[in-house]
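*Asks:* Before I ask anything, here is the structure I am working with.
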Amino acid sequence: MEAERKAEILFQAIEDRQLVKPGKTERQLNQEVFDLADEILGIKKFWHKRIVRAGKNTLLPYHDNPPDHTLQEDDILFFDFGPIFEDWEADLGKTYVVGNDARKQKLKRDVELAWHEGKAYYHQHKNELTGSEFYQYTAELAKKYGWDYGNIHCGHLIGKFPHEKIVGEDEINYIHPNNHKKMSAPDQNGNERFWIYEIHLIDREQGIGGFFEQLLS
């Protein structure tokens, strides 16, 4: 939770310095955020690849590696960063809109509203909820807000770096349709598990997507 609080400082600094501007490439923004993280928080390590997606690239999930896109006027963009603080992982994602396009502004609002609605549902049902059930709920939540859901999962475990060496890449470590284990179940050592909840809403016809993720604390 402390790692996430520090990561939020980074996102606030991105906004304060108005880094998101048309004419910049995804790669350029990625480097600027990396430099900013080092400058203000001394972050030099990220536990997963740093993602900046803009325009039609916002349709694509984490594992894709699309060509570099230049941010346009009235464009949409999201960041997905996993900084490491004293060997603890954070993972935050947020959407930004350049300009006043109403559909893109709605997408930015909806993805955050849906995330908070999903978080509330999780805490109401967390003792019984499986990863599969929470994924299905999230996919239906996307439809409720008028969007398609854009990924094969809606979150994952997080922990002490590198958590993948501890828990692996099995579907039971994701909020995934094939994860029928209760999310509240402890790990193999009896410790509480911590989940990142992520929502990726998309409009395939218009070629835009929005992304938001935080810790389910």
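*Asks:* Restricting to region 105-140, what's the tally of residues that are surrounded by fewer than 21 Cβ atoms within 10 Å (Cβ to Cβ), closer than 17 Å to Tyr174 by Cβ and of a type in the set (A, V, I, L, M, F, W, C)?
*Replies:* The number of residues fulfilling the criteria is 2.
*Asks:* In addition: Would region 80-93 turn up any residue that is over 19 Å from His176 (Cα atoms) and assigned to a helix (DSSP H, G or I)?
*Replies:* no
*Asks:* Could you identify the single residue in Asp87, Asp91, Asp35 that is at pLDDT below 85 and surrounded by fewer than 18 Cβ atoms within 10 Å (Cβ to Cβ)?
*Replies:* Values: Asp91 fails: surrounded by fewer than 18 Cβ atoms within 10 Å (Cβ to Cβ); Asp35 fails: at pLDDT below 85.
Exactly one residue qualifies, and that residue is Asp87.
*Asks:* Any residue at all in region 174-194 that is within 19 Å of the chain's Cα centre (by Cα), surrounded by 14 or more Cβ atoms within 10 Å (Cβ to Cβ), of a type outside the set (Lys, Arg) and at pLDDT below 95? If you could, list the steps in order and put the result at the bottom.
*Replies:* First, the residues of region 174-194 that are within 19 Å of the chain's Cα centre (by Cα): 174-177, 183, 193-194.
Still in the running and surrounded by 14 or more Cβ atoms within 10 Å (Cβ to Cβ): 174-177, 183, 193-194.
Narrowing further to those that are of a type outside the set (Lys, Arg): 174-177, 183, 194.
Then keep just the ones that are at pLDDT below 95; that gives 174, 194.
Yes, because at least one residue in region 174-194 is within 19 Å of the chain's Cα centre (by Cα), surrounded by 14 or more Cβ atoms within 10 Å (Cβ to Cβ), of a type outside the set (Lys, Arg) and at pLDDT below 95.
*Asks:* Which of the residues spanning region 39-84 are of a type in the set (Ser, Thr, Tyr) and either modelled with pLDDT under 90 or in contact with a His (Cβ under 8 Å, 6 or more places away or on another chain) (or both)? Talk me through it step by step, then tell me what you get.
*Replies:* Filtering region 39-84 for residues of a type in the set (Ser, Thr, Tyr) gives 58, 62, 70.
Tyr62, the sole residue that qualifies.
*Asks:* How many of the residues in region 181-217 are in contact with a helix residue (DSSP H, G or I) (Cβ under 8 Å, 6 or more places away or on another chain), charged (D, E, K, R) and part of a loop (DSSP other than H, G, I, E, B)?
*Replies:* Of the residues in that region, 3 qualify.
*Asks:* On to the next question. Just one of the numbered conditions (1) closer than 28 Å to Gln206 by Cα; (2) surrounded by fewer than 19 Cβ atoms within 10 Å (Cβ to Cβ); (3) under 16 Å from the mean Cα position of the chain (by Cα) is not true of Glu8; which one?
*Replies:* Among (1) closer than 28 Å to Gln206 by Cα; (2) surrounded by fewer than 19 Cβ atoms within 10 Å (Cβ to Cβ); (3) under 16 Å from the mean Cα position of the chain (by Cα), Glu8 violates only (1).
The values are calculated or read from the model by the stated rules, or taken from the named source; none is laboratory data. Predicted model, so just to flag it, every value in this text is computed and none were measured. Virtual Cβ from ideal backbone geometry, glycine too; neighbours counted across all protein chains shown.
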